[in-house]
Every structure is written in C-alpha cells, then in structure tokens.
Amino acid sequence: MSTLAEKRKFIYEARHTHNKTNVTLGNIDLNTDQLETKLDSLIVNTNHNEYINSTTATIGAGATTTTGATDLQTSTSIHHLQIVGTTTNSNIDIKLKVSTDNVTYYEMPSILLTTIGTVLSGCGDLNFRYYKIDITNNHGSPVDVTIIDSVKNKN
C-alpha cells in the first residue's frame, strides 16, 4: 500500500510531466465562404419558419370576406396555427380553409375557431401548404373584424 508521501510524489510528477509536453495547434485556416453556404443550408433545412398575418376589414350585412392565402412553402412538416382577433358583433362565422394547390380549398373543421363575446380565437395543427380564413357576417349591420394569425413549424 502507498504512503501519503508516495501519492503526493506521484501526483506532483504527473502534473509536471504533463506540463513539459509542448503541444501547438498551429494555424487553423477556416474558409468562411464554404461555412456560410453550409449554415444557410442548415437554417433552411430546419424548417422553423414563422408567418404572421394581420387582417382588418369591415364586413357588410350578410357578406363574406376572405383573407389572403398564406403560402407555408412546405407541406411536409406540421405547422402550428394560432388565430386571435376582435369583432364589433359576435354574430359572425369563421372558417379555416386549407389547400395543397392554392386552387381548391377545403374547410378544416378540426381546427375550431370560436367567438366569445367580441373576442375570437382558435389554434391547431395543419399539414397543408396554403390556408385562408373566411369570415361571414350574420348580423344585419356592418361588422368590424381584426384578425391576427400566426403559423410556425413544429419541427
């Protein structure tokens, strides 16, 4: 069994022997042009894009207004959609419509958009390239509506 003095001597020698090793890394040449291209590719491939739209409209009695189509640019990943807004009258219908070709749109009832008082909201996941929101005024007079919708990739 080693004595305390032998252990200290061993640690001392190991520490000083290690410091005698002269290691140099030399010059590291990093080509930043190639690195920037790879980083751009990496950022694009992470698919963490975010889209935010804001729509304000006055909808006449019995009329329907449709927001512009939002192109999510990829339909291979799941997007999380959040919609919030206000209205001057709660007697409106809000429907989310989705498409893969920006021509034929289908209602997506799995994402429920609700109006409570003068506040509207909804959220859910979608896997379509395009979406838009239809707002129908069921009231006898014009209604002011403001909607903000935000979509972000879940990956």
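Observations on the structure shown:
- Which numbered condition D125 fails, given (1) more than 21 Å from A57 (Cβ to Cβ); (2) part of a loop (DSSP other than H, G, I, E, B): (2)
- Condition check for I92: over 18 Å from S150 (Cα atoms) and surrounded by 18 or more Cβ atoms within 10 Å (Cβ to Cβ): yes
- Restricting the stretch 89-122 to residues that are of a type in the set (S, T, Y) and part of a strand (DSSP E or B), the residue that is nearest to S141 (Cα to Cα): T115
- The single condition among (1) modelled with pLDDT of 90 or more; (2) closer than 21 Å to K154 by Cα that T76 does not satisfy is (1).
The values are calculated or read from the model by the stated rules, or taken from the named source; none is laboratory data. Keep in mind it's a predicted model, so treat the numbers as computed, not measured. Positions of Cβ are backbone-derived with ideal geometry, glycine not excepted, and every protein chain shown enters the neighbour counts.
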